[in-house]
Amino acid sequence: MSKYEAIFKPLDLGFCTLKNRVIMGSMHTGLEETKNGFDKMASFYAERAKGGVGLIVTGGIAPNFQGRVHPFALQLSFPWQVSKHKKITKAVHEHDSKICLQILHTGRYAYHPLGAAPTTSKAPISSFKARGMSKLGIKKTIFDYANCARLAQKAGYDGVEIMGSEGYLINQFLAPKTNKRTDKYGGSFENRSRFALETIRAVRKKTGPNFIIIYRLSMLDLVKDGQSWEEVVALAKQLKEAGVNIVNTGIGWHEARVPTIATMVPRGAFVWVTEKLKKEIELPVVATNRINTPELAQEILDSNQADMISMARPFLADPDFLNKAQDNRSDEINTCIACNQACLDHVFQNKISSCLVNPKACHETEYSKEKSNTPKKIAVIGSGPAGLSFAVEAAQRGHFPTIFEKSKEIGGQFNIAKEIPGKEEFRETIRYFQKQMEILNIELHLNKEVDLNFLKASEFDEIVFASGVRPRTPKIEGIEHKKVLSYPEVLYHKKEVGKKVAIIGAGGIGFDTAEFLIHDPSHQSESMDQEAFFKHWGIDTSYKDRGAVSPKERPTPFREIYLLQRKATKHGRFLGKTTGWIHRQSLKDANVKMLKEVSYTKIDDKGLHIDTPEGSTVLEVDNVVICAGQYSDNELYHEFKEVDARPAHLIGGAEKSMEIDAKRAIKQGVDLANRI
């Protein structure tokens with residue numbers, strides 16, 4: 001019996017029963033628009049259904065052209081489209097799971113010139129101004145929602161989720177910020193909520209009683225002039241009568257300057273608002289955002305904070321999440337670390353989504369599940385993300401990898417990343433690989449630095465060099481001064497650092513080092529302290545004002561930091577598309593001084609001498625931390641290639657060192673293991 005009883009308790013909706021309390025939440029993957037996309041989506045969703053998910057919600061599908069995310073995004077409006085969707089529903093139903101289609105009208109978030117909104121306006125995240133809808137346009141849009149739902153029903157979907165949050169069209173009608181209408185669809189709350197309720201009623205009328213309707217309710221807009229708590233509750237109380245079966249939680253508009261799902265957000269940070277609403281209505285409510293372990297899901301359900309749990313990215317990271325939980329094997333789950341690097345960042349760059357810790361996600365049709373016909377003995381030099389991903393994948397395919405690691409522990413650069421406040425989740429990936437190595441009996445040699453003679457004398461069939469990177473030391477007069485530290489000395493070896501610090505280099509490592517140094521090491525980081533997180537980002541849990549926003553309370557930095565770069569470009573130019581702004585804002589709030597176009601003259605007892613466009617100066621700092629990039633540690637690879645004919649492979653940072661990239665490293669490891 002599973003120790004997670006609350007998770008696996010069925011939920012009876014009257015006309016159908018969900019086999020457990022977990023929803024795979026909606027997320028756009030990019031498969032929707034790619035060649036053979038429906039076949040790929042069928043494989044993607046089937047893998048998660050097979051993994052035990054009770055109910056899946058698809059990525060958002062528009063009810064008409066105006067509502068599309070971009071010109072080539074999917075919509076479901078015509079009977080001829082039904083057969084394509086049947087591929088998805090059939091694949092999911094074969095594994096005793098249910099699936100709902102999310103109906104998403106983007107409103108003013110449309111990335112095309114034909115977008116329509118309650119009032120003519122332009123969103124800060126779109127290049128196009130959306131035109132205000134006429135009354136006839138509103139009636140037509142409501143009809144389109146109902147038509148889309150009916151076509152979804154014909155395609156075999158068990159229901160629909162009506163997207164009413166995250167700042168999309170319905171949410172735009174509800175919020176005074178974006179609804180400036182003076183007719184019966186604007187002004188009072190009764191009028192502003194009319195569009196949402198008429199849409200739900202139209203969908204229910206068109207689909208009949210035995211069809212799931214989930215409503216994604218924006219419980220926290222997190223923007224000025226959003227909805228009030230009283231309005232959220234008033235709408236929620238009308239949802240059952242309108243025909244809704246389940247109320248899902250929506251948190252924050254896309255334009256809100258508040259992190260809601262990134263790794264620095266505490267686990268379960270927004271469950272409090274779901275619990276608050278649950279006390280007001282009779283419908284099952286769903287908790288969401290930064291819930292990534294069965295332990296946390298069980299705790300939320302056990303404490304009656306919610307009736308169901310929605311997780312999206314955790315099922316990218318591990319499609320077998322629920323099967324493992326049911327078998328009491330939660331330590332084998334490949335945990336989502338909420339990095340956004342391969343999921344949301346890809347989507348916003350018009351790429352197919354995937355997962356940093358599981359590159360097979362959304363690429364299921366590209367990988368064979370067959371074991372190799374020619375098992376090989378393979379030496380793996382290095383146990384960073386690249387080496388670990390290769391070794392585990394190779395062992396799963398029937399090969400016999402042996403890992404040689406020169407340090408005392410596995411993990412490579414992840415052992416540095418996990419020390420950064422807000423990146424504690426990276427520990428989970430190391431834990432996952434450690435467990436997989438135990439299960440697969442992968443031979444591991446720690447504190448073992450191999451050399452050419454060892455490899456020449458070995459009997460391995462192939463050698464994989466995943467030896468990582470070494471910090472680059474810039475040529476600056478005084479670089480050997482006692483004030484100078486490398487980033488591994490600061491982050492990994494925990495060498496003492498003074499109260500005033502200059503950091504040379506403003507890439508990802510420079511930002512991480514600055515984040516580490518502005519925090520008091522004796523205090524919990526915001527990602528571990530919900531109250532500190534709420535205060536810093538201006539989230540009002542008392543919900544006194546519209547949108548639940550309040551003035552930010554900037555934390556007091558533990559050190560005074562200068563973040564310097566030679567380039568004239570923006571600091572952190574190559575940070576993640578969806579998280580870079582958070583990192584920059586965090587350092588700005590800590591009064592980190594960001595200087596660019598800097599030339600470094602020398603380092604001496606006075607500090608760091610620099611030249612800037614404003615002139616020459618001396619930064620009188622206690623320490624100078626070098627984050628000036630790295631170079632590939634691949635000398636042994638080249639030596640081996642010259643004297644040995646056996647196949648040798650170079651992956652991860654050892655192959656390419658620019659901007660340490662765990663996403664690329666893990667994917668290279670998995671891909672190589674599938675080629676050998």
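Only the coordinates and a few stated rules stand behind these numbers; no lab work does. These numbers come from a predicted model, not from an experiment. A quick note on method: Cβ atoms are made from the backbone with ideal geometry, for glycine too, and the neighbour counts reach across all protein chains shown.
Remark on THR120: its backbone amide H falls under 5 Å from those of GLY132, a criterion applied only to residues 5 or more positions apart or on other chains, H modelled at 1.01 Å from N.
Subtracting the Cα-Cα distance of LYS154 and ASP327 from their residue separation scaled by 0.36 nm leaves 58.7 nm.
Relative to the longest principal axis of the Cα atoms of the chain, helix 385-396 runs at roughly 70 degrees.
Out of all DSSP beta bridges in the chain, what portion is antiparallel? Express it as a percent rounded to 5. Of the beta bridges lying entirely in the chain, close to 20 percent run antiparallel.
Simple spin-label estimate for LYS376 and GLN238 gives 6.5 nm between the two label positions (7 Å along the Cα-to-Cβ direction from each Cα). With each label modelled as a point 7 angstrom along the Cα→C-beta vector, the LYS406-LYS9 pair spans 5.5 nm.
With respect to the chain, whose longest principal axis is taken over its alpha-carbon atoms, helix 580-589 is tilted by about 80°. Mean residue ellipticity, 222 nm, helices only, the chain: the sum of -39500 (n - 2.57) across DSSP H runs of n ≥ 4, divided by residue count and rounded to 500, is -9000 deg cm²/dmol.
Using θ = phi - 60° in the Karplus curve 6.51 cos²θ - 1.76 cosθ + 1.60, the 3J(HN,Hα) couplings for region 176-182 round to x, 4, 10, 10, 10, 5, 10 Hz; x is entered for Gly and Pro. Extension gain for the segment LYS602 to SER616, taken as residue separation times 0.36 nm less the Cα-Cα distance, is 3.9 nm to one decimal.
Hey, fewest Cβ within 10 Å first, where do ARG192, ARG566 land in order? Don't skip to the answer; put the middle values down first.
Values: ARG192 23, ARG566 15.
Ascending number of Cβ neighbours within 10 Å: ARG566, ARG192.
Which of rounded, prolate or oblate describes region 588-676 when judged by the alpha-carbon gyration tensor and an a/c cut-off of 1.5? It is prolate, given that a/c is not under 1.5 and a/b is the larger ratio. Rounded to the nearest 10 degrees, the inclination of helix 229-242 to the longest alpha-carbon principal axis of the chain is 60 degrees. Excluding same-chain neighbours fewer than eight residues apart, the aspartates and glutamates reachable from LYS154 by a Cα-Cα span under 16 Å are ASP144.
Computed from the C-beta positions of LYS482 and THR569, the FRET efficiency with R₀ = 30 Å rounds to 0.40.
Counting only lysines at least 8 places from LYS593 when in the same chain, those with an alpha carbon closer than 20 Å to its own are LYS483, LYS499, LYS500, LYS552, LYS567, LYS570, LYS602, LYS606. Near the amide H of ARG181, within less than 5 Å, lie the amide hydrogens of GLY187, all on another chain or at least 5 residues away, with H placed in the peptide plane. In this structure the amide hydrogen of LEU444, modeled in the peptide plane, comes within under 5 Å of the amide hydrogens of ILE403, none closer than 5 places in sequence on its chain.
With a Förster radius of 35 Å applied to the C-beta separation of LYS90 and LYS435, the computed FRET efficiency comes to 0.50. On the beta carbon distance between LYS495 and PHE189, with R0 = 56 Å, the FRET formula returns roughly 0.45.
Listed by chain and number, the lysines whose C-alpha is less than 17 Å from the C-alpha of LYS240, apart from same-chain residues fewer than 8 away, are LYS205, LYS206, LYS278, LYS279. Compared with the direct C-alpha span, the chain from LYS279 to TYR367 gains 27.0 nm at full extension, assuming 0.36 nm per residue. The distance between label points at ASP451 and ARG554 comes to 5.4 nm (points 7 Å beyond Cα on the Cα→Cβ vector). For a paramagnetic label modelled on ASP461 (point 7 Å from Cα along Cα→Cβ), amide N atoms under 13 Å away belong, within region 353-392, to 371-379. When the pairs LYS84/LYS351; LYS50/LYS423; LYS9/LYS324; LYS577/LYS663; LYS360/LYS406; LYS423/LYS494 are compared against a 26 Å limit on Cα-Cα distance, LYS50/LYS423; LYS360/LYS406 fall above it.
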